[in-house]
Amino acid sequence: MTPIKTSIVVAISANNAIGKDNQLLWHLPADLKHFKEITTGHPIIMGRKTYDSIGRPLPNRRNIVITRNKDLVIAGVEIVSSIAEAISLCAAQQGATSNEVFIIGGAEIYKHALALTDRIYLTVVHQEYEADAFFPELCEDEWTTIHQEYHEADEKNSVAYTFSTLERK
Ligand SMILES: NC(=O)c1ccc[n+]([C@@H]2O[C@H](COP(=O)([O-])OP(=O)(O)OC[C@H]3O[C@@H](n4cnc5c(N)ncnc54)[C@H](OP(=O)(O)O)[C@@H]3O)[C@@H](O)[C@H]2O)c1
């Protein structure tokens, strides 16, 4: 069996911010579309607070939520108590169509997941924001950029942004 690839998907600002008051900081339809294209058909793993901010399971994906609350039950969602448990659940049940799992946040989960991650789908939003949730500083020596795509702001997306894919060296 092919080993499962663990990937992070994240959108960060110029000051590494990812959220405030359990919400995203920007409305970028292009990034939402990008996120959907990357993750559809694959398992997504998230912290309980990120799940609360989304408010529903995302369709056409296996939704896995990490919590310390042993009593939590959410229809359409698998509940686990650690990132390792989430990844091994996916590795044990990977199908022919998916050998990649996506860690989709938030800050607490990214902090612990980074060391386990093979690839990062990174959106950089080229503006600074006041925030209470941040992505960890990436150590440049550990990552190679294999794809990069800059987009100017436009009528639907009010800030310029760059889509990158980073692979662990
Ligand atoms: N820009 C982006 O790409 C992006 C993506 C995702 C999220 N966000 C933002 O990030 C923010 C949320 O991040 P956050 O750090 O506050 O929350 P989070 O990482 O989404 O969730 C934290 C929760 O996960 C559970 N958890 C964390 N570590 C655990 C562990 N080791 N074992 C078991 N359970 C664990 C706990 O749930 P319990 O409290 O239930 O025990 C904890 O309260 C929001 O502002 C959101 O909008 C941004």
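Just so you know, all these numbers are worked out from the coordinates, no wet-lab data involved. Since the model is a prediction, treat every value here as computed from it, not as a measurement. Methodologically, a virtual Cβ is constructed for each residue, glycine included, from the backbone with ideal geometry; neighbour enumeration extends over all protein chains shown.
If one computes the Cα centroid of region 102-131 and of region 63-92, what distance in Å separates the two points?
19 Å
So how much slack lies between Thr40 and Lys169, counting 0.36 nm per residue of separation and subtracting their Cα-Cα distance, in nm?
So the extension gain works out to 43.8 nm.
Only helical DSSP H runs with n ≥ 4 go in: add -39500 (n - 2.57) per run for the chain, normalise by residue count and round the 222 nm mean residue ellipticity to 500 deg cm²/dmol.
Numbers: 4 runs with 35 residues, N = 169.
For the chain, the value works out to -6000 deg cm²/dmol.
Expressed as an acute angle from 0 to 90° and rounded to the nearest 10, what is the orientation of the C-alpha long axis of helix 29-39 relative to the principal long axis of the chain?
Value to nearest ten degrees: 30.
When the Karplus curve 6.51 cos²θ - 1.76 cosθ + 1.60 is applied with θ = phi - 60°, which whole-Hz ³J(HN,Hα) does each residue of region 154-163 get, with x for Gly and Pro?
Per residue, the Karplus-derived 3J(HN,Hα) values read 9, 5, 9, 10, 7, 10, 6, 8, 10, 8 Hz.
Apply the Karplus parameterisation 6.51 cos²θ - 1.76 cosθ + 1.60, with θ equal to phi minus 60°, to every residue of region 127-140 and state each ³J(HN,Hα) to the nearest whole Hz, in sequence, with x for glycine and proline.
Along region 127-140, the couplings run 7, 8, 9, 7, 8, 10, 9, 10, 8, x, 4, 8, 8, 4 Hz.
Any idea how many Lys pairs in the chain come in under 20 angstrom at the alpha carbon, given 8 or more places apart or on separate chains?
11
Roughly what angle does helix 83-92 make with the longest principal axis of the chain, taking Cα atoms, 0 to 90 degrees, to the nearest 10?
60 degrees
So what are the three principal axis dimensions of region 5-168 from its Cα atoms, in whole Å, longest to shortest?
Answer, in whole Å and largest first: 42, 32, 28 Å.
Considering only DSSP beta bridges where both residues belong to the chain, give the percentage that are antiparallel (nearest 5).
45 percent
Running a GNM on the chain with Cα contacts under 10 Å, which residue among Gly76, Gly106, Gly55 ends up with the highest mean-square fluctuation?
Comparing Gly76, Gly106, Gly55 in a Gaussian network model of the chain, the most mobile one is Gly55.
Test of the criteria: in region 64-142, which GluC sites (Glu not before Pro) are in a DSSP loop and have at most 12 other Cβ atoms within 10 angstrom of their Cβ?
Within region 64-142, the qualifying GluC sites (Glu not before Pro) (loop, at most 12 other Cβ atoms within 10 Å) are Glu128, Glu130, Glu137.
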